[in-house]
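Where a number appears in this text, it was derived from the coordinates with a stated rule and is not lab data. What you see is a predicted model; the values in this text were computed from it and never measured. Cβ placement follows ideal geometry from the backbone for every residue including glycine, while neighbour counts extend to all protein chains displayed.
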Ligand SMILES: Nc1ncnc2c1ncn2[C@@H]1O[C@H](COP(=O)(O)OP(=O)(O)OP(=O)(O)O)[C@@H](O)[C@H]1O
Ligand SMILES: [Mg+2]
């Protein structure tokens, strides 16, 4: 157990849509330097958990702590300024805007122009395939490239805690591997990561620790390597 404040700690977090419960009493944490994954099927509540952490859905109970600060229910833009950034489900790029404009949007909360410029260079180093296409309209990129743009945009806010909602869904295996490799590289650069995925194989491969989400509740959790070997996970999520 670490003694510094945890990058992310979620306690008893619940949310519902109208009368329909979506997540129920979720306890989970990301420790410093970790990649943590939440594995869950369609409708398990993965996106709701992310949206509730980042202030897009109001919790009905529970608490979210970011680096030791209670940030429960705070608005997304406030949380961005505190180091939390999200790569949302479905990417949500500004399709009519250029790649560069999308990246600039990621830095909207910052007023340190010089540092933003330096981060742009750093981000483009991570995505060499994007560097020469800064004035290209975002909607014209391939699915895999759009996912990379969504990750790059999230990195432009200089996050310390990054949430990724199913970044590999619908992508060809080679691109899935590329995204997985990027997640590892980003973590190694000092960004703590929560990766939500249906693709258990990839997620458990890159993650240090994992949680299994079913019907809005955490049903098990362990080191990712142990989950990947567990019979229950293999049967339900790995098709073994
Ligand atoms: N805006 C909404 N209004 C009403 N119900 C919703 C809404 N969004 C999600 N739900 C319901 O809440 C539950 C959890 O949905 P959620 O989108 O969080 O799951 P998910 O794990 O992200 O699924 P997926 O893998 O399909 O993205 C589901 O039963 C879903 O139908
Ligand atoms: Mg979802």
Degrees separating the helix 173-188 axis from the principal Cα axis of the chain, which is the longest one: 90 degrees
For residue 63 and residue 41, calculate 0.36 nm times their separation in residues minus their Cα-Cα distance, and state this gained length in nm to one decimal. 5.5 nm
Taking a point 7 angstrom from the Cα of residue 32 along the C-beta vector, which residues in the range 179-198 have backbone N less than 17 Å away? 187-193
Return the distance in nm (one decimal) between the two label points of a simple spin-label model at residue 174 and residue 112, each offset 7 Å from Cα along Cα→Cβ. 3.8 nm
Nearest 10, in degrees from 0 to 90: the angle of helix 143-155 to the longest Cα principal axis of the chain is 90 degrees
Here the gain from full extension of residue 75 to residue 122, 0.36 nm per residue of separation minus their alpha-carbon distance, amounts to 14.2 nm
Build a GNM of the chain with springs between Cα atoms under 10 Å: which of 111, 102, 199 gets the top mean-square fluctuation? 111
Please give, to one decimal in nm, the separation of the simple spin-label points placed at residue 205 and residue 184, each 7 Å out from Cα toward the Cβ. 0.9 nm
Highest-first arrangement of 174-181, 161-168, where packing means the average Cβ count within 10 Å: 161-168, 174-181
Using just the helices of the chain, give the 222 nm mean residue ellipticity in deg cm²/dmol: DSSP H runs with n ≥ 4 each add -39,500 (n - 2.57), and the total is spread over all residues, rounded to 500. -10500 deg cm²/dmol
Inter-site label distance for residue 223 and residue 101 at 7 Å from Cα along Cβ, in nm: 4.9 nm
Among 9, 82, 114, 51, rank each residue by its count of other Cβ atoms within 10 Å, from fewest to most, as a rough exposure measure. 114, 82, 9, 51
Among beta bridges assigned by DSSP with both residues in the chain, the antiparallel ones amount in percent, to the nearest 5, to 50 percent
If one computes the Cα centroid of the range 125-191 and of the range 202-240, what distance in Å separates the two points? 24 Å
Here the residues of the range 119-161 lying in the modelled label zone of residue 198, meaning backbone nitrogen under 18 Å from a point 7 Å along Cα-to-Cβ, are 143-144, 147
